[in-house]
Amino acid sequence: MEFHVLTIFPQLIMQAVDYSILGRAMKQGIVRVFAHDIRDFTHDRHRTTDDEPFGGGAGMVMKVEPVVQCLEYAVSKYGPGRVIVMSAAGRLFKQAVARELASCCDRLYLIAGHYEGIDERVTEHFADLELSIGDYVLSGGEYPALVVIDAVARLLPDVLGNRGSLAQESHEHGLLEYPQYTRPRDFRGIGVPQVLLSGNHAAIRKFQMEAALQKTRRNRPDLLGEVNGGQNDED
Ligand code: SAH
């Protein structure tokens, strides 16, 4: 699967993707990541990518032409794909969205904004989707794009060594994952739940279910509405 990030900081993307599971998936050829420099599609001496907002207001807005020309260049070179604008005002990126993107598309174009955001005409006329990674405002769309790439890539077949680890994870079944422990059994007098050492698989499973429920109740009570047959809020 290909991920193309349109950005004014291409190095930020390329330096970040070389590690861990994503880095390995790239070496194996399962995932390819490209960063396209929006500045290459400016035509003035200062390579300007932003301008003052119509109607006034604070800050600067990313100009439509360099972004769209960058997108058109990438699409003409690599082929069509799902176009996503990273935006604090976007639809919330959730595990369900990651799953959908992992199965729907072979190529994603992720547009990273800066300043006060991107001229809305990009979103309205040239993008399929506007995605937010959470209810906070960052200074740029590069980290959000990397979040989407990481979350989607690890769902692709053969990216994770152990497929079983996917099914058990937080947000796969509307519950958070149960707490996990590894050696040593005793760390400064702090033990691990005895049942995990018992070898009794039914008891272990029961413990894990209860612990997952307890953790979800404590950290994310809002998720329990979904588990109990309530609205499955995928937006
Ligand atoms: N003025 C905008 C925020 C601009 S932040 C607003 O109020 O909505 C600058 C850029 O950072 C955005 O264009 C977007 O690409 C990125 N960004 C910031 N927060 C984000 C978030 N939560 N999710 C996705 N992208 C985000």
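The values are calculated or read from the model by the stated rules, or taken from the named source; none is laboratory data. All figures in this text were calculated on a predicted structure; none of them were measured in a lab. Cβ: placed from backbone, ideal geometry, glycine included. Neighbour counts: every protein chain shown. Surface areas here come from the heavy atoms of the whole protein model, side chains and all, with no ligands, DNA or RNA. Shrake-Rupley method; radii C 1.70, N 1.55, O 1.52, S 1.80 Å.
The figures follow:
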{"item": "Largest-first ellipsoid semi-axes for the stretch 106-235, taking √(5λ) over the Cα gyration tensor eigenvalues, angstrom", "result": "38, 18, 16"}
{"item": "Qualifying lysines (Cα of each under 22 Å from Cα of Lys94; at least 8 residues distant if same chain)", "result": "Lys215"}
{"item": "Distance in nm between pseudo-label sites at Glu116 and Tyr19 (7 Å out along the Cβ direction from Cα)", "result": "3.5"}
{"item": "Highest to lowest packing among 66-76, 144-154, scored as the average C-beta count within 10 Å", "result": "144-154, 66-76"}
{"item": "Accessible area of the stretch 169-227 belonging to carbon and sulfur atoms, whole % at 1.4 Å probe", "result": "53"}
{"item": "Helical mean residue ellipticity (222 nm; -39500 (n - 2.57) per DSSP H run of 4+; nearest 500) of the chain", "result": "-11000 deg cm²/dmol"}
{"item": "Stretch gain in nm, segment Glu100-Glu52, where the contour uses 0.36 nm per residue and the Cα spacing is subtracted", "result": "13.7 nm"}
{"item": "Partner aspartates and glutamates for Lys27 [C-alpha distance under 12 Å; skip if fewer than 8 residues away on the same chain]", "result": "Asp18"}
{"item": "Label zone at Glu2, where the point sits 7 Å out along the Cα-to-Cβ direction: the stretch 98-120 residues whose backbone N lies under 19 Å", "result": "101-112"}
{"item": "Contour excess over end-to-end distance, with Cα ends at Gln11 and Arg82 and 0.36 nm allotted per residue", "result": "23.3 nm"}
{"item": "Span per principal axis, largest first, for the Cα atoms of the chain (Å)", "result": "70, 40, 37"}
